[in-house]
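Report on one structure; see the data block that follows.
The values are calculated or read from the model by the stated rules, or taken from the named source; none is laboratory data. Bear in mind the structure is a predicted one, so any value in this text is a computation, not a measurement. Every residue, glycine among them, receives a Cβ derived from its backbone with ideal geometry; neighbour counts consider all protein chains shown. Heavy atoms of the whole protein, side chains included, go into the accessibility calculation; ligands, DNA and RNA do not. Shrake-Rupley method; radii C 1.70, N 1.55, O 1.52, S 1.80 Å.
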Amino acid sequence: MLWDIRARMKPALSIIDLIPHVHRTPALAALRRAVQEGRPATLRLSAEDRELAFHDATVQLTSPIGARVLKALYQGGHLKLKKPGIKPLPALDAYIATEDEFRAEVARIWASEDAQRLRLTEIIADPASARPEELSPWLIDKVMSARLGHGAYGEIEIAGFTCHRTLTYPPIAESDRFRPEGKVTCWWLDSAGNRQGDPE
């Protein structure tokens, strides 16, 4: 899942906490099962919704889609509660209500990613077609890898500028037992002769 999409999700436990008297850890496990395994079977999600509903990482994240699943689990009696449940859940409902906005943001992010991939393909095919403001170490690395190979170092012209990808090693002290790892830098000189991109 793209970082920009994850950034628009919330920690799953903070959403679970919107349900009064819920046992947090079992609720988190139930949400994960419901999204990833489709259990209980009454909850049906498309493959896209499963991806967008829950992100399993060091800090588990959920979206308004996952919050909707959580509410369905609550209403279906699938969550363990410390006390009898309370029907209205205004804070959870407020987060669920942002689903359309979340989906619109996801669609915008995917469209931006698609446009970026298409533009990269165009620049790889014709590096001269790049605009100076598009130059970046990332672009130099991608173009050089595609045209010269992943392990290649040297120069390539992009957007009318000579761009470099170099591998440098830090100085080795006599006491060092191992050679330090090399550092890849991508850079270019702008029209004023100033170095741009990765620092030396």
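Within segment 33-51, being in contact (Cβ under 8 Å) with a residue 12 or more places away in the chain and acidic (Asp, Glu) holds for Asp49, Glu51. Applying a threshold of 7 Å to beta carbon distances and a minimum spacing of six or more residues, or different chains, the list of pairs starting in segment 13-32 at a residue that is at positive phi and ending at one that is crowded, with 16+ Cβ neighbours inside 10 Å reads His21/Leu81.
For segment 119-131, a residue qualifies if it is in a helix (DSSP H, G or I) and open to solvent by 70 Å² or more (accessible area, probe 1.4 Å), and the qualifying residues are Thr121, Glu122, Ala125, Ala128. With the condition kept exactly as written, say whether any residue in segment 171-193 is at pLDDT 95 or above, of a type in the set (A, V, I, L, M, F, W, C), part of a loop (DSSP other than H, G, I, E, B) and open to solvent by less than 80 Å² (accessible area, probe 1.4 Å). Taking every residue of segment 171-193 in turn, none turns out to be at pLDDT 95 or above, of a type in the set (A, V, I, L, M, F, W, C), part of a loop (DSSP other than H, G, I, E, B) and open to solvent by less than 80 Å² (accessible area, probe 1.4 Å). The test for being at positive phi and over 22 Å from the mean Cα position of the chain (by Cα) holds for Gly77.
Condition first: open to solvent by 30 Å² or more (accessible area, probe 1.4 Å), within 19 Å of Pro199 (Cα to Cα) and of a type outside the set (A, V, I, L, M, F, W, C). Now tell me which residues in segment 137-156 satisfy that. Answer for segment 137-156, where residues must be open to solvent by 30 Å² or more (accessible area, probe 1.4 Å), within 19 Å of Pro199 (Cα to Cα) and of a type outside the set (A, V, I, L, M, F, W, C): Pro137, Asp141, Lys142, Tyr153, Glu155.
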